[in-house]
There are 2 protein chains.
Amino acid sequence: MKTANASQAGMILREREPLNLEMPFGSLDGFITPVERFFVRSHFAVPDIDVRRWRLKIEGEVETPLELTYDELKGMETHTLPVTLECAGNGRAFLTPQAKGAQWERGAVGNAKWTGVRLADVLRRAGIQDSACEVIFEGADAGEIKEPPGPAGEIHYARSMPLTKAKEDVLLAFKMNGEELTAAHGFPLRAIVPGWYGMASVKWLSRVIATAQPFNGYYQTIDYAYWQRGTSAPTLVPITEMQVKAAIARPGFADTVRAGKMCLVSGAAWTTAAEITKVEVSTDGGAKWHKAQLLGEPVFNAWRLWEYGWQAPSTPGQATLLARATDSEGRTQPTKRDEDRGSYIVNHILPIVVDIR
Amino acid sequence: MKTANASQAGMILREREPLNLEMPFGSLDGFITPVERFFVRSHFAVPDIDVRRWRLKIEGEVETPLELTYDELKGMETHTLPVTLECAGNGRAFLTPQAKGAQWERGAVGNAKWTGVRLADVLRRAGIQDSACEVIFEGADAGEIKEPPGPAGEIHYARSMPLTKAKEDVLLAFKMNGEELTAAHGFPLRAIVPGWYGMASVKWLSRVIATAQPFNGYYQTIDYAYWQRGTSAPTLVPITEMQVKAAIARPGFADTVRAGKMCLVSGAAWTTAAEITKVEVSTDGGAKWHKAQLLGEPVFNAWRLWEYGWQAPSTPGQATLLARATDSEGRTQPTKRDEDRGSYIVNHILPIVVDIR
């Protein structure tokens, strides 16, 4: 099992036990995030897994329950996809009043190349029954939820998705950027659910359960869920797809920009199942907007880097930088926070205030 | 609007605002519970409803949304059903450690004759669309949930059920024991969901919403739900059907029984969509069991009264009385508490310890 040296990579410690690490977003320097700079979100201690004894179980509403070894999985047809994962709580540190949970700034997001087998292929081997409506992913990581309303006793981290999504593009990945997964990133196997917030991409995957009832597990009701209001009464819905978002990597908060000089404003933008078609930058708090240049090629469910050359004012003072992404479905970012989202899905436009000297 | 004098009826105050009243269960004296001795469970203040302006709205996945007046409803075909309602938290006071919530003893249960129109008839008038899978009941009562994880802002009390149940036997009742509903019991209209715990029988009913998605409202996820464990990961399920249960009304806790004399042990027993076929009584803490006599005739979803003539021991001391019901589906009561049920569904056998003098 590989290890990556997070502290050497300058990662920000958000929690030591369980391990939660954030990338300093100002260090963004390419389409692919190196493993050691990819954010780590854990709910329980990293499980101690002996890969020779580990099995991936496929069970529930299937014709033939399966138990696959690591070698059997690696022997199946493999696929490699660049996929951006953003933690559903990324940006939470900017909320007022302060929200509960790890205080992620901008760096609980990363883009890696994931190699593995298609969940659809595994499900086909097991034979999904007509009764199934969802697929649950369960990790080997487990612990107790101490605060009510949690279930009694030890639970495993688990998350579900509709069968349609499970069959579409979900990967069971054993490699990240061409290397075996590290322990913190889910060795020996993790799910990669393209376009969904990171909580769906279950690490240390040990069970895949086809279920006939919508799964109301802890991590999609009490946690990673929000109250959806509408014409009907508020209903608790699990967080699923990432919302369109542009994040400024540089300059950062309270950085100094030289008066009258060119300053490259740069960052990344991402969305779900669509292309980023436009990133706009404002350097005056939103009065005027300028088109940023999109770098590289568009890739579904992976971020797109962008940059904008800004001629900083010649007089010292402060400037408020904003970035706003729009996607090929016409979706763009709200200017104000939607409070119904609680401490999750922070995709309203966040100001970066810099000093001009 | 009628009022009933609860304090004169000796009701036990469990909470003043909102109003929660318990029947002293030792006062059980017939198949029908008088209105003034029927337990009251409220989540918010009793709403102030002007019946001339009140409407029952039928909306959501329907062909024709409806707004029915009180007189229109009363003009429809009416049905009268005796139905037992038990609060899902009835018996909670006997749990150790002490459970959160109103400390109901045995009296958060009652049996009344309810008169109203069939929900099925109202739904037929509106025309349910094929997309509908559930029906939500929303009451006029509303307030804020102060503790997380609750939705922001004011919410109404609301509860749902599968469309199959909605079409089966649910009543929209405007009379209780032949009289107009009292304010505390839901005037002008309440749902009566036979066989389900009381939380489903929404009072002050104002909206009936057919919905295409399972409803995960506050009162069926955070409240009135429990963690179901199984082969799969724990999943939060809403509380629905009442579980088979016999409750001893007399003698009560720490009552004195005369040594060597006959003592009538009596109470009620109920279940869901089945008949109570047997009530057994033990007077020695469970070593020996004796058949109690079932009184009256069996009625689906209404309780059955029972009694057992006990020859008390001639030597002074203590005796532990137990009662255990069995229904026509072969279901009976557990001897031990199932902790997964949290603070709800208390149907394990509860001992009544009496003094023999």
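The values are calculated or read from the model by the stated rules, or taken from the named source; none is laboratory data. Treat the numbers as computed from the prediction; the structure is a model and nothing was measured. Note that we place each Cβ from the backbone using ideal geometry, even for glycine, and neighbour counts take in every protein chain shown.
Quick look at the numbers
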{"read-out": "In the range B:24-60, residue farthest from the other protein chains (Cβ to nearest Cβ) [restricted to those that are assigned to a loop (DSSP other than H, G, I, E, B) and hydroxyl-bearing (Ser, Thr, Tyr)]", "value": "B:THR33"}
{"read-out": "Count of residues meeting criterion [of a type in the set (Ser, Thr, Tyr) and more than 14 Å from the chain's Cα centre (by Cα)] in the range A:17-53", "value": "1"}
{"read-out": "Qualifying residue in the range B:152-171 (condition: at pLDDT below 95 and not in a strand (DSSP E or B))", "value": "yes"}
{"read-out": "Qualifying position, being among the hydrophobic types (A, V, I, L, M, F, W, C), under 26 Å from the mean Cα position of the chain (by Cα), over 22 Å from B:GLY195 (Cα atoms) and surrounded by 16 or more Cβ atoms within 10 Å (Cβ to Cβ), among B:VAL257, B:VAL281, B:VAL299", "value": "B:VAL281"}
{"read-out": "Residue satisfying condition, being modelled with pLDDT of 95 or more and not assigned by TED's automatic domain parsing to the domain that holds A:GLY198, within set A:ALA254, A:ALA273, A:ALA302", "value": "A:ALA302"}
{"read-out": "Of all residues making up the range B:307-334, the number that are within 19 Å of the chain's Cα centre (by Cα) and either over 12 Å from B:LYS245 (Cα atoms) or of a type in the set (A, V, I, L, M, F, W, C) (or both)", "value": "1"}
{"read-out": "Close pairs from the range A:197-211: first touching a residue at least 60 places away in the same chain (Cβ under 8 Å) and on the phi > 0 side of the Ramachandran plot, partner assigned to a loop (DSSP other than H, G, I, E, B) and surrounded by fewer than 24 Cβ atoms within 10 Å (Cβ to Cβ), Cβ under 6 Å, at least 6 apart", "value": "A:TRP204/A:PRO47"}
{"read-out": "Odd one out for A:ALA249 among (1) surrounded by 21 or more Cβ atoms within 10 Å (Cβ to Cβ); (2) in contact with a Pro (Cβ under 7 Å, 6 or more places away or on another chain); (3) in contact (Cβ under 8 Å) with a residue 60 or more places away in the chain", "value": "(2)"}
{"read-out": "Selected residue (criterion: farthest from the other protein chains (Cβ to nearest Cβ)) from residues of the range A:321-350 that are modelled with pLDDT of 95 or more and surrounded by fewer than 17 Cβ atoms within 10 Å (Cβ to Cβ)", "value": "A:SER328"}
{"read-out": "Enumeration of residues in the range B:188-226 that are away from every other protein chain (no Cβ under 14 Å) and among the charged types (D, E, K, R)", "value": "B:ARG190, B:LYS203"}
{"read-out": "Tally of residues being surrounded by fewer than 22 Cβ atoms within 10 Å (Cβ to Cβ) and either more than 9 Å from every other protein chain (Cβ to nearest Cβ) or touching a strand residue (DSSP E or B) at 6+ places or on another chain (Cβ under 6 Å) (or both) across the range A:227-237", "value": "4"}
{"read-out": "All positions within the range B:27-41 that are surrounded by fewer than 21 Cβ atoms within 10 Å (Cβ to Cβ) and among the aliphatic types (A, V, I, L, M)", "value": "B:ILE32"}
{"read-out": "Residue that is in contact (Cβ under 8 Å) with a residue 12 or more places away in the chain, assigned to a strand (DSSP E or B), farther than 30 Å from A:CYS133 by Cβ and not assigned by TED's automatic domain parsing to the domain that holds A:ASP255, where the choices are A:LEU21, A:LEU85, A:LEU81", "value": "A:LEU21"}
{"read-out": "Among the residues listed as B:PRO194, B:PRO188, the single one being in contact with a strand residue (DSSP E or B) (Cβ under 9 Å, 6 or more places away or on another chain), farther than 30 Å from A:GLY150 by Cα and part of a loop (DSSP other than H, G, I, E, B)", "value": "B:PRO188"}
{"read-out": "Members of the range A:315-357 that are among the β-branched types (Val, Ile, Thr) and assigned to a loop (DSSP other than H, G, I, E, B)", "value": "A:THR315, A:THR335, A:ILE345, A:VAL346, A:ILE349"}
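A quick yes/no check of all residues on (1) farther than 18 Å from B:ALA302 by Cβ; (2) in contact with a helix residue (DSSP H, G or I) (Cβ under 7 Å, 6 or more places away or on another chain); (3) surrounded by fewer than 20 Cβ atoms within 10 Å (Cβ to Cβ):
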{"residue": "B:GLN129", "(1), (2), (3)": "yes, no, yes"}
{"residue": "B:GLY153", "(1), (2), (3)": "yes, no, yes"}
{"residue": "B:LEU172", "(1), (2), (3)": "yes, yes, no"}
{"residue": "B:LYS175", "(1), (2), (3)": "no, no, yes"}
{"residue": "B:GLY195", "(1), (2), (3)": "no, no, no"}
